[in-house]
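Heads up: the structure comes next, in structure tokens.
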Amino acid sequence: MKILMIGPQGSGKSTQAKLLAQFLQVPKISTGDIFRKLSKENGEEARSVKDILGQGKLVDDETTAEIVKKRLQQSDTQNGFIFDGYPRNINQVKLFDPGFDKVIYLKTPKEELIRRLVSRSRADDTFEAINTRLDLYFTQTEPLLDYYRQKSSLVEVDGMGDINQIQDEIKKFI
Ligand code: ADP
């Protein structure tokens, strides 16, 4: 099964994607993880990605779509995958569409997102970067919800509550 976890930063989508990937025995593919790893390498591209991450901006769509396409050529994706962080806008899905069977939207109130985000300590989680990423989410990523709703692949799960309870809710749709 090909699944996309979608939701704002702080919605818990990475946590839920990880649990679901373990349960389904498929890889979790996170573009954020891929870019964070890339940013630690040497060279021009790595430096540029590091800057972008630090600012909370998006890596350009073409580069991102290429990286995702390449990742899917690995053999571990044959029985499906859980995506976390791609696509992040309509242009990316036009450039490369992984063909999701289900899109799981973790709906979480904005006040809760901010509360969670300020209490985690990731290197790219400065106050400015958090704000930029949330703005980008609401302007660029949220339109994808309607796109997937029209394709009837979107399901909504309440992002508030206990991690395992949320996972149980998600499993009901699988
Ligand atoms: P968060 O969920 O907090 O935004 P991620 O780990 O998903 O964190 O992403 C971290 C950073 O990686 C983003 O701020 C962005 O710079 C980059 N990134 C991740 N996915 C994409 C994507 N699909 N397109 C462009 N940039 C991306």
I'd like the full set of residues that are among the hydrophobic types (A, V, I, L, M, F, W, C) and either more than 23 Å from Ile170 (Cβ to Cβ) or more than 11 Å from the chain's Cα centre (by Cα) (or both), limited to segment 23-57.
Phe23, Leu24, Val26, Ile34, Phe35, Leu38, Ala46, Val49, Ile52, Leu53
Considering segment 131-145 alone, what residues qualify as being over 17 Å from Ile6 (Cα atoms) and in contact with a helix residue (DSSP H, G or I) (Cβ under 8 Å, 6 or more places away or on another chain)?
Thr132
Does any residue in segment 4-33 that is aromatic (Phe, Trp, Tyr) come within less than 9 Å, Cβ to Cβ, of a residue that is open to solvent by 20 Å² or more (accessible area, probe 1.4 Å) and in a helix (DSSP H, G or I) six or more places away or on a different chain, and which pairs are these?
Phe23/Lys171
For Val49, which of the numbered conditions (1) within 26 Å of Asp146 (Cβ to Cβ); (2) open to solvent by less than 20 Å² (accessible area, probe 1.4 Å); (3) not acidic (Asp, Glu) fails to hold?
(1)
How many residues are over 19 Å from the mean Cα position of the chain (by Cα) and of a type in the set (Asp, Glu) if we restrict to segment 109-131?
2
Matching residues, segment 139-169, being small (Gly, Ala, Ser) and open to solvent by less than 70 Å² (accessible area, probe 1.4 Å):
Ser153, Gly159, Gly161
Filter segment 31-56 down to the residues that are modelled with pLDDT of 95 or more and outside any helix (DSSP H, G or I), then identify the one that is nearest to the ligand (Cβ to nearest atom).
Ser39
Identify, please: which residue in segment 141-157 is in contact with a Leu (Cβ under 8 Å, 6 or more places away or on another chain) and not in a helix (DSSP H, G or I) and is, among those, farthest from Val93 (Cα to Cα)?
Val157
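Just to verify a result, which residue in segment 11-22, among those that are open to solvent by 50 Å² or more (accessible area, probe 1.4 Å) and either over 13 Å from Glu169 (Cβ atoms) or modelled with pLDDT under 95 (or both), is farthest from the chain's Cα centre (by Cα)?
Looking at the filtered set, the residue picked out is Gln22.
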Confirm whether Lys28 is more than 8 Å from the ligand (Cβ to nearest atom), closer than 20 Å to Ser14 by Cα and open to solvent by 100 Å² or more (accessible area, probe 1.4 Å).
no
Is it the case that Lys57 is touching a Leu at 6+ places or on another chain (Cβ under 8 Å) and open to solvent by 30 Å² or more (accessible area, probe 1.4 Å)?
yes
Quick one: which residue in Val59, Val68 is within 12 Å of the ligand (Cβ to nearest atom), β-branched (Val, Ile, Thr) and part of a helix (DSSP H, G or I)?
Val68
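The values are calculated or read from the model by the stated rules, or taken from the named source; none is laboratory data. Everything quoted here is computed from the prediction, not taken from an experiment. Heads up, the Cβs are rebuilt from the backbone with ideal geometry, glycines too, and the neighbour counts pull from every protein chain shown. Please note that ligands, DNA and RNA were not included when accessible areas were found on the heavy atoms of the full protein model with its side chains. Shrake-Rupley method; radii C 1.70, N 1.55, O 1.52, S 1.80 Å.
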